[in-house]
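Worksheet for the structure shown next.
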Amino acid sequence: MTKQMPLRLILVVPFVLQIFVAVGLTGYLGIRNGQKSINNAVSQLRSETSNRINQQILFYLEKPYLINQTIAAGISEGQIDIKDVEALEHFYWRLVNQNTVEYLQTGTPQGTSIGVERLEEGLIEARTTGTDLPNRRGYRLDDQGNRVELLNTGKFDPRTRPWYKASLETGKPSWSKLFVGSTSLKATIALSQPIYDRAGTLLGVQNSNFRLSRIHDFLKSVKVGLTGQTFIVDRSGHLIASSLIEKPYTVQDKELEQILATDIENPVIRATAKAVIERFNNFSSVNQSQQLDVVVDGDRQFVQVSPIRDGNGIDWLSVVVVPESDFTAEIDANRRTTILLCLAALAGATILGIYTAKWIAQPLRRLSQSSEAVADGALDQNVELSDVRELNVLARSFNRMTQQLRSSFTKLEQTNEQLEERVEERTADLKDTLQELQRTQNQMIQAEKMSSLGQLVAGVAHEINNPVNFIHGNVSHVNEYNQNLLALVHLYQTEFPNSTPAIQNKMDEIDLEFVTEDSVKLLASMKLGTERIREIVQSLRNFSRLDEAQVKEVDIHAGIESTIMILQHRLKAKANCPATTLMRAYGDLPLVECHPGQLNQVFMNILVNAIDALEESNAKRTYQEIKDNPNQITIRTAVIDAEWVEIAIADNGLGMPEEISQYIFDQFFTTKPVGKGTGMGMSISHQIITEKHGGKLSCFSTPGKGCEFVIHIPVRLKDAEAGLSGLEEVMVQQEA
């Protein structure tokens, strides 16, 4: 059903929409064009800034490479004597004094080294390791490059340094990892390369240091909008330099620890790094310049990420972040003005449309309200006539229609009442018939199943009984024959102690002494086994009761024991569960007149439910927990007032809450999973006890402690005619 709109809105909305669309479209296009211009300007700005940063950083990193190349070529060609310490030291001083690099150093395979460093305070220090290895001396150099003061001495072997080893491993210029300068304690990176002569002999390793503070100073000087910022990260996401953070790292015990950009305190850098990882999975996936937008504290940031590679191991990313708010202040003011003008025009058009449509929509609204009331069942509606001719005709037609509807509905209500009475009568009859059919069908199915089971059990018991009786009857004869033969053999041994070698060998071969002792034990075991089989067969016959009358005086305990015998396999210990303890508290019961087979069926249903409840409880406990609080089934019998017998079967399983136990005897109600229970066992048991025996079957359950089923049946079936009222009176007296 489509959504309905009031007539007043239909008349007002077109006027309002015309003004709103015209003004809104004009404002939208102005804002959109302004935003587009900003995006183009910001995109160009961040691209130019990124290119400038990349070029400058590559320029910084190119100086150490060119200086190393020049020095290595001079030493290889023999133009620079690596053994002339003073000349090489003075040459390094000139390069460092020109502010080309911060630190130059050369190490030789013999362990000597020459290094010159420009310190933070402007001084230049020369460090030399001569032939008196491994001692190294540091001298302050004057403005002419001459040694004027011994600053320090210490042990130093360049061959053990990472830059020396890394250069020899790669065989080409390579950058080191970030480290802390020994004197400046600032983040530094070194470029080293091996030096060979024309014959390929290693002459030494040239090394140049570059402090990352120069990149910070440059980034700080680059202005990006009003509040924009820039930073450099490596491919693992660690911060290299930033325009706002002078030291984006920590130093502990002269060891430098880099900080991930996603963990930095600066919210813009942190949010930008997370956005790059979210979009590209990681920083290593950015292989060309990429632009994206990031929102930080509700403020949109324009971001450009560009790779920086120098071909010698440097693989960084420069990131330029420009806030949108640096460019949108004036546009936001124009946007607010445009929105206010649109709202004013919309308000004026709405007021004019309301007054224009009021005199048209009012009569129609009254008619609409009356129509809704009729639809809700209020047929006594009469619409007021209007001054508009067309609406007046419509009102008259509506009034006549309501009169006809009132008359029709009166007749329909009378007919409906008659039909409802007939339907209720037929429904009640059908419901009773259906319940009776279901009940009869369930009883027939269960009776057929039990009959088939009884026939099967009786047949199996009969077939087993014949051969077992044959074996059991002959075991005594075999035992007697065996005793006679053994006595004869013993007599032979007594009368003829010196037997022939052949007889003696045979006696040793068969171990006559062992055979004599074990044959007696073997026959005793066979006799015990046949007696056990006969007991099982007798239990099966007692359970089936097919060889007895329909109603018979029986020993209730025998029926219970036969049922336990059949279920014995479920009570035994298993790999994951100890054996279930069966407690018997039998009273002195007389023979009870009952239907033995059906009563055994009740015992079977209750015991199976108890075992199932214990197994369900075991699923939630460990073996040790079950052993500490073992499973237990208690069977108790007693005589009540000499006319009634009470049989109680209890378990210490999970129990049932009251909202479940009250339905336990309903047909098809079960708490077991699908395929494990039909919901018929307890319902049929209840029918057997109450209808067949005139007794009572009750369920008492406490959640977490267990469940107990209590059966009360009369000692004589004819006593059941007195009803259960007598039993209830007896129970009340006993409780009192």
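The values are calculated or read from the model by the stated rules, or taken from the named source; none is laboratory data. Every value quoted in this text rests on a predicted model; they were computed, and no experiment measured them. FYI the Cβ positions are ideal-geometry reconstructions off the backbone, even for glycines, and counts take in every protein chain you see. SASA here: full protein model, heavy atoms, side chains in, ligands and nucleic acids out. Shrake-Rupley method; radii C 1.70, N 1.55, O 1.52, S 1.80 Å.
Below, the figures for the structure above:
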| read-out | value |
| --- | --- |
| Counted charge near T100, where neighbours are those whose Cβ lies closer than 12 Å (Asp, Glu -1; Lys, Arg +1) | +2 |
| Length released on extending from E120 to Y492, taking residue separation times 0.36 nm less the Cα-Cα span | 121.8 nm |
| D142 paired with R214, simple spin-label distance in nm, labels 7 Å along Cα-to-beta-carbon | 2.8 nm |
| Added length on full extension, which subtracts the Cα-Cα distance from 0.36 nm per residue, A642 to N281 | 121.4 nm |
| Where the Cα pairs of the range 49-147 fall when distances are cut into 5 Å bins, in % | 2, 12, 21, 21, 18, 12, 6, 4, 2, 0, 0 |
| Positive-end extreme of charge dipole, the range 201-295 - chosen from N281, T262, S208 (charges on Cβ) | S208 |
| Gained length - L340 relative to A73, 0.36 nm times residue gap less alpha-carbon distance | 88.8 nm |
| 3J(HN,Hα) from dihedral phi, the range 67-83, Karplus parametrisation 6.51/-1.76/1.60, rounded to Hz, x for glycine, proline | 5, 4, 4, 5, 5, 4, 5, x, 5, 5, 7, x, 6, 10, 8, 5, 8 |
| Pair-distance profile P(r), taking every C-alpha pair of the range 610-673, with 5 angstrom steps and integer % | 4, 14, 17, 19, 17, 14, 9, 4, 2, 0 |
| Among the listed pairs K572/K696; K63/K274; K83/K177; K552/K718, those beyond 22 Å (Cα-Cα) | K572/K696; K63/K274; K83/K177 |
| Radius 14 Å from Cβ of V224, net charge of other residues (Lys, Arg +1; Asp, Glu -1) | +1 |
| Most positive-pole-ward Cα, Q193, S176, L226, against dipole of the range 161-226 from beta carbon charges | L226 |
| Square roots of 5 times each gyration tensor eigenvalue, C-alpha, the range 96-213, largest first, Å | 23, 18, 13 |
| Förster-model FRET efficiency, 60 Å R0, Q624 and D429, C-beta, rounded to 0.05 | 0.50 |
| Vicinal HN-Hα couplings computed from phi for the range 116-125 (Karplus, 6.51 cos²θ - 1.76 cosθ + 1.60; Hz; Gly/Pro x) | 10, 10, 8, 7, 5, 7, x, 6, 10, 10 |
| Separation of alpha-carbon centers, the range 64-84 and the range 40-63, rounded to whole Å | 32 Å |
| Hypothetical label at R570: residues of the range 596-613 whose amide nitrogen lies under 11 Å (7 Å Cα-Cβ projection) | 604-613 |
| E149 accessible area, assembled protein chains, probe 1.4 Å, Å² | 80 Å² |
| Two-site FRET efficiency, K172 against S325, from Cβ-Cβ distance with R₀ of 41 Å, rounded to 0.05 | 0.30 |
| Heavy atoms of R309 accessible to a 1.4 Å probe, total area in Å² rounded to 10 | 110 Å² |
| Segments 393-406, 693-706 sorted - mean Cβ within 10 Å per residue, highest first | 693-706, 393-406 |
| Exposure of F283 as accessible area (Å², to 10), given a probe of 1.4 Å and all protein chains | 10 Å² |
| Point-to-point label distance, S43-D518, nm (Cα→Cβ direction, 7 Å offset) | 9.9 nm |
| Per residue accessible area in Å² of the range 88-236, where ligands, DNA and RNA are left out and the probe is 1.4 Å | 45 Å² |
